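The values are calculated or read from the model by the stated rules, or taken from the named source; none is laboratory data. Since the structure is predicted, the reported quantities are computational estimates derived from the model, not experimental observations. We place every Cβ from the backbone using ideal geometry, glycine too, and count neighbours over all the protein chains shown.
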């Protein structure tokens, strides 16, 4: 994209929007597509598990054991894409359009690189991974086939997520919503057809769930590629003849790598927690169900986070302190409100939530107190999620990384291990709210420091 042409596009598309539109209206217009799309994604993950649970509890346990790998995949994809998002938004705000274009083009290469890593993992490490957690041949068979399919075909989601973040960075939040929804709807439709063998298809059970998932991701990629190639081009993605600028790669990973590690910590935490719970298949299933359910509560927050990030990044680059802080405060208020409702749901109806997953008496016995205790972390988590948007949008992804380390590695796992071994399974769930409070204290300190050192004097 030529410099003058790009400049004209940005003037009409991004600057007038993210630099001038009232923050409340702007945040709503930027966030609601992301909130809706991520909520639908969370819904299809829940529906996926509901159908799998109809096969058997062993099938649900197998998919729950694979969940950390799936979270790791998404963490790597989203983490690196967040670096792209942050860099593009900041460069647009600073009117450095050529660098924004290079970041967008680099993102596709990063997606392909991420795919190669996980495809190799699926090919060579599926069986060794599962042997760490189970000796049950049924769980092992279900888990290995599911893991191989979702990793070997992960190129679809790896590249698609990069495209979504490029679009979001330019202020286009509707297109990513359409992209996510297309994949989610495809997955939801295919799940019962492929799992149970409907309309002439063979019954494929857990394998069918995996095929439905990657097919949905493929559809999302096709839609994303179409929108990026035919829509309004605030940035230009070059697929041929593009030479990597390693300074751009460095800038992307300055934010993206901490964000990647930060999100991957959740996967590491699940690996560790599943190991602690390895003697109880019901507890592993409950933990997997919890993460599916809590995603339905947290995804609106992450959508709000995505809507706020380009606005914060743009106004940080434009040195507009007033607008930057206004979007942060408004996003925080909305986030707390959402989490209050989520907390109330988990407190009032945990048994109802578990019955969606064909929970037997043992799952209900373990799961009802688990959901009530773990959900105590919801409200303080609102502050952590929105502050993470502030850190990443201003180029301080390392702050978010340390917050996650404190909450999940230095918090949840040690606390869970001690509480589980000395006070029992039910008490061990308190590791979640206790660790969240630890993260809250750190996040509050770093938010204050960031404001004093950089934002206050913009």
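Name the residue, out of 340, 327, that is over 19 Å from residue 400 (Cβ atoms) and either touching a strand residue (DSSP E or B) at 6+ places or on another chain (Cβ under 7 Å) or at pLDDT 85 or above (or both).
Matching residue, one of 340, 327: 340.
Restricting attention to helices (runs of 4 or more DSSP H) lying wholly within the stretch 1-111, give those where 1 or more residues are modelled with pLDDT of 75 or more.
The qualifying helices (runs of 4 or more DSSP H) are 23-55, 57-93.
Looking only at the stretch 27-38, count how many residues are surrounded by fewer than 21 Cβ atoms within 10 Å (Cβ to Cβ) and closer than 11 Å to residue 303 by Cβ.
The qualifying residues number 2.
Cβ-Cβ under 9 Å, sequence separation 6+ or interchain: first residue in the stretch 87-109 and free of Cβ contacts under 8 Å to residues at least 12 places away in the same chain, partner part of a helix (DSSP H, G or I) and crowded, with 24+ Cβ neighbours inside 10 Å. Which pairs?
Listed pairs, sorted by first residue: 96/90.
Quick one: residue 139 ticks every box in (1) at pLDDT 80 or above; (2) surrounded by fewer than 22 Cβ atoms within 10 Å (Cβ to Cβ); (3) farther than 23 Å from residue 216 by Cβ except a single one, so which number is it?
Answer for residue 139: the failing condition is (2).
Which one is farthest from residue 448 (Cα to Cα) among residues in the stretch 359-382 that are at pLDDT below 90 and surrounded by 16 or more Cβ atoms within 10 Å (Cβ to Cβ)? Break it down into steps so the answer makes sense when it comes.
Within the stretch 359-382, the first condition is being at pLDDT below 90, and the residues that meet it are 359-363.
Keeping just the survivors that are surrounded by 16 or more Cβ atoms within 10 Å (Cβ to Cβ) gives 359, 363.
Numbers: 359: 44, 363: 43 Å.
This residue is 359.
Any residue at all in the stretch 232-242 that is out of contact with any helix residue (DSSP H, G or I) (no Cβ under 8 Å at 6 or more places or on another chain), over 27 Å from residue 139 (Cα atoms) and either surrounded by fewer than 20 Cβ atoms within 10 Å (Cβ to Cβ) or at pLDDT 90 or above (or both)?
Within the stretch 232-242, one or more residues are out of contact with any helix residue (DSSP H, G or I) (no Cβ under 8 Å at 6 or more places or on another chain), over 27 Å from residue 139 (Cα atoms) and either surrounded by fewer than 20 Cβ atoms within 10 Å (Cβ to Cβ) or at pLDDT 90 or above (or both).
Go through the stretch 345-358 and report how many residues are surrounded by fewer than 17 Cβ atoms within 10 Å (Cβ to Cβ), within 14 Å of residue 296 (Cβ to Cβ) and free of Cβ contacts under 8 Å to residues at least 60 places away in the same chain.
Residues in the stretch 345-358 being surrounded by fewer than 17 Cβ atoms within 10 Å (Cβ to Cβ), within 14 Å of residue 296 (Cβ to Cβ) and free of Cβ contacts under 8 Å to residues at least 60 places away in the same chain: 2 in total.
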